């Protein structure tokens, strides 16, 4: 879609621990030239989904923005979970995004609306964004029905994200004690818990199936890892139940490992 | 967007009274060649929005599909209002679309859902459509909330479209008697009423403003016409009130016309 | 290709006699808005191919550029034959293009090179143009072989375009006297001669075929017209021969018309 | 351009020694799905430019084609230098390309024409290709001038490619003996010689500059390597002169290394 719609290519950059740093970006910047299109924009995912909800430190964002802007590059924050980042940092979202040129964030996911994402940026960016929204089929008619849910997401939900983070830590710490599961609970900063199950000898689809039999829905990522996400529809009790279910599933295969 | 996303150009064909006929399409078909892309698809809007909700007769659809298919062309029905067409024809929607290759219809508009459109077609077309949906940003997460409204739209709303059509005819016939308004009520087949106000000396924006003061929301189309749409949130009483409001607005400017 | 590559749509504007005027352009300008992309550029073909090589007067270009620039629009000259325009006006090409933002012209066609077109414009436009050239597969390796022909086209050929124009007028005036052919020789300003053969009862492909038997290659345009082009490889004698061939072809069918 | 024009992304696959193998391709194939576009085509560069003109063995091509075709994938040969591959293998080009669906090859480069590349494939592929050619601005007028050079390239030049390969080996073997230069001459199969100059302490631009002072034009690739190409305009004497120039340039900096 990036190619098809925007005519752009991404140059993925390694972000150890989910933290993209300027030193890595710098080497990937390509100048405009007769043989290739130049780099135009740095996109920064915060929190980082596949790194388990990792939060980018504020000074890292500041450095990226300062250096990128000096070279005429824009910085976009892929902030689907930026409210979780702000909560984890104990600051307002506006502080997290103050230096970026544009930020997209989701009203769904952690904020709990059934649908909806927003783009924020300069007046010029939003003017352009409205045209692209139309190109992508946006321009709804009775949007108020959906916007109502979005208002609740913005006004009432950010304050409770700390609960999701506490629940995620609860899961992570409990998983550390389960044989067959590998996780470093100290890396769980927000509402995503990714853990390795290669020690159980099970594949993620099999693990998912067994959890589902116990009333827990959880998908795998890649060949050996599971990914759990806490949110407003999941209580502390649900999380404790999920931990128990994981314990049972792992225990069931323990002899096989012995 | 058609250009940007699909890389296609449309060749608009005149459809007198909103009825696109094969004889007009035939002359616009361009063969594939070294200097230009060939025609690939005929798109047929039914009912026709800007022709006041005109309904394409079944035999016209059949002829277009037969002739197009003979030449290897696909036929797509732009059926945002195809349930209104079926209601006006007194047939099932499946009869209206039986010969076309694909049909898009809206769960919003006449069927009353807050949001949502559907594409129907062959398994192959839907397989392709799912990929294009993703390219356009589709692939929702908690889509069930929206789908619930869509189910009501599909199951309960088609049966009541006749009311909207009766209300539209009520408005159209009443408008015929209002000085300054020009309309042929016999052309109003579904839920759209387009009428000319050039006899009032007012522009559509001014006419809209005066109607709004009387609690009626109606937009103009083009330089001299207004467009009213009946739907499930508009009762017979609302329509009578709208007619009264139009009468008042026209009467207020009558001396200016004298 | 315009759609596919640039994601743009053209809004064709009628140009009676091949002369595009500001009054016609003005009505086609569409402002940027949430529902549609705004007009960005005016493209002006000079000389006008399908209007028989018509030359746009300098004051018409000036008015278009002045008005377009006031509205923030760019003006591009599709100047494949702009050297013919300059020759017909008796001015330097630089005067014809002085107000436009960009101009494309051909080293082939009237200037006689086997291949090659050039884009001229501001440094910024050319910087962008180099990137688009690469996107379109440009960026040749041993381009000097082709550039050598281009230098001859630029340095030696413009001075002789008057001969082509005189030859075209010669053909046009001679055609006026041939029964079955319709042409107004006074409209032939440059090197293109378009004439109507509906009076002969022949189709353009048939007319082409008969001319080819007499050593003259000429294609039709549309259903009833032929198009002759004079250039550096066609002498006055060739043109006289072509006229004679046309006369013969028309005479052969004369009884059929009687 | 791939993104912009074709809306595709490439998934680069490592090809050790310039030989792309099915085992590496297999892991990169992505099935069509609701969240991503599937893999459609395998592109195989032969000879491999940046691997120093490496030739893909015939059985490797056969395996890739067989396996790809079994999965419904097309195979395209990026055969800019496929005539060099055929020469090195001692077979006809038709044998090298017999299993691929499409092949592009250059009339320039080794075959010596000033400009021109050709696409060969099934009738259906060429039919599509003609449309894409037009989209890319192809469709030349006086193409015969260029085609004449292309005919010589096709008819007379393949037979002499062995000379270029012998010259490249001559250079490669001579370079092995020059201190500061690193190269494995046994890997030079065709007309490209890539060698490492990090032992000289010079950067490629500096090395290029010093060679140019001695009448030899050669560019660097990457941070530490130079790339020499033999072709029909370069004789054995030229190559011996180039080796001598490299020896001098390296000798000049030898004390710095000591």
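A short reminder: the numbers here are calculations on the coordinates, not readings from a lab. Just so it is clear, the structure is predicted and the values come from calculations on it, not from any experiment. Here Cβ is always computed from backbone atoms with ideal geometry, including for glycine, and neighbour counts include all displayed protein chains.
If a/c stays under 1.5 just call it rounded; otherwise compare a/b with b/c (prolate if a/b is bigger, oblate if not). Do that for region C:1-140, with a ≥ b ≥ c from the square roots of the Cα gyration tensor eigenvalues.
Because a/c hits 1.5 or more and a/b fails to exceed b/c, region C:1-140 counts as oblate.
What average count of beta carbons from other chains do you get within 10 Å of the Cβ of residues in A:32-41?
Per residue, the number of nearby Cβ atoms from other chains is 3 on average.
Could you tell me what % of all Cα pairs in region A:145-207 have separations over 18 Å?
Cα-Cα pairs of region A:145-207 separated by over 18 Å account for 52 percent.
For labels at residue C:118 and residue A:154 in the simple 7 Å Cα→Cβ model, what's the distance in nm?
Label at residue C:118, label at residue A:154, 5.5 nm between them.
Measuring from a point 7 Å out along Cα→Cβ, what nm distances, shortest first, does residue B:11 have to its partners in the other copies?
Spacings between copies for this position, smallest first, are 2.3, 3.9, 4.4 nm.
Measure nothing but the geometry: give the 0 to 90° angle between the long axis through the Cα atoms of A:58-70 and the longest principal axis through the Cα atoms of chain A, rounded to 10°.
Once rounded, one gets 30 degrees.
Distances from residue A:133 to the same position in the other copies: list them in nm, one decimal, shortest first, using label points 7 Å from Cα along Cα→Cβ.
2.3, 4.0, 4.5
For a quick check, take a GNM of chain C with Cα springs below 10 Å and name the residue from C:164, C:184, C:27 with the largest mean-square fluctuation.
C:27
So how far apart, in nm, are the two label points at residue B:8 and residue B:237 if each is 7 Å from Cα heading toward Cβ?
4.6 nm
Where the label is 7 Å out from Cα toward Cβ, how close does residue A:155 come to the same position in every other copy, in nm, shortest first?
Relative to the other copies, residue A:155 has label-point distances of 3.2, 7.7, 8.3 nm.
Where does each of A:34-43, C:191-200 land if you order them by average Cβ count within 10 Å, highest first?
Answer by packing, highest mean first, reads C:191-200, A:34-43.
I'd like the orientation of helix A:123-135 relative to chain A: the angle between its Cα long axis and the longest Cα principal axis, in ° from 0 to 90, rounded to 10.
Once rounded, one gets 70 degrees.
Taking only DSSP H segments of four or more residues, each worth -39500 (n - 2.57), what value at 222 nm results for the protein assembly as shown once the sum is divided by all its residues, to the nearest 500 deg cm²/dmol?
-12500 deg cm²/dmol
Can you give me the Cα centroid spacing of region B:85-149 and region A:194-213 in angstrom?
Between the Cα centre of region B:85-149 and that of region A:194-213, the gap is 37 Å.
If you rotate chain D onto chain B, whose Cβ in D ends up lying nearest the axis, and how many Å away is it?
So the chain D residue sitting closest to the axis is D:7, 4.
How large is log10 I(q)/I(0) at q = 0.07, 0.10 Å⁻¹ when the Debye formula is applied to the Cα atoms of the protein assembly as shown, each weighted equally and without solvent?
-0.91, -1.55
Could you work out how far apart the two model spin labels at residue D:133 and residue A:35 are, taking each label as a point 7 Å from the Cα in the direction of the beta carbon, and quote it in nm?
2.7 nm
Quick one: among D:107, D:175, D:136, which has the greatest mean-square fluctuation in a GNM of chain D with alpha-carbon springs under 10 angstrom?
Of D:107, D:175, D:136, the most mobile in the Gaussian network model is D:136.
Output the direction-averaged projected area (hull surface divided by four) of the convex hull of the alpha-carbon atoms of region D:73-118, in nm².
It is 3.1 nm².
Evaluate E = 1/(1 + (r/R0)^6) for residue B:1 and residue C:26, where r is the Cβ-Cβ distance and R0 equals 25 Å; express this FRET efficiency to the nearest 0.05.
Using R0 = 25 Å, I get an efficiency of 0.50.
Counting only other chains, what is the mean number of Cβ atoms within 10 angstrom of the Cβ of each residue in peptide D:130-138?
Counting Cβ atoms of other protein chains within 10 Å of each residue's Cβ and averaging gives 5.
Quick one: angle between helix D:236-257 and the longest Cα principal axis of chain D, in degrees between 0 and 90, rounded to 10, please.
Between the helix axis and the principal axis of chain D, the angle is about 60 degrees.
Averaged over all directions, how much area does the convex hull of the C-alpha atoms of region A:135-258 cover when projected, in nm²?
On the way: hull surface 40.2 nm².
Averaging across all directions leaves 10.1 nm² for the Cα convex hull.
Within 10 Å of each Cβ in peptide B:3-12, how many partner chain Cβ atoms are there on average? Round it to a whole number, please.
6
Report the rotationally averaged projected area of chain C based on its alpha-carbon convex hull, in square nanometres. Don't jump to the answer; show the numbers that get you there.
Values: hull surface 65.0 nm².
Taking the Cα atoms of chain C, their convex hull projects to 16.2 nm² on average.
Mind giving me the FRET efficiency for residue A:166 and residue B:198? R0 is 45 Å, r the Cβ-Cβ distance, nearest 0.05 is fine.
Here the calculated transfer efficiency is 0.10.
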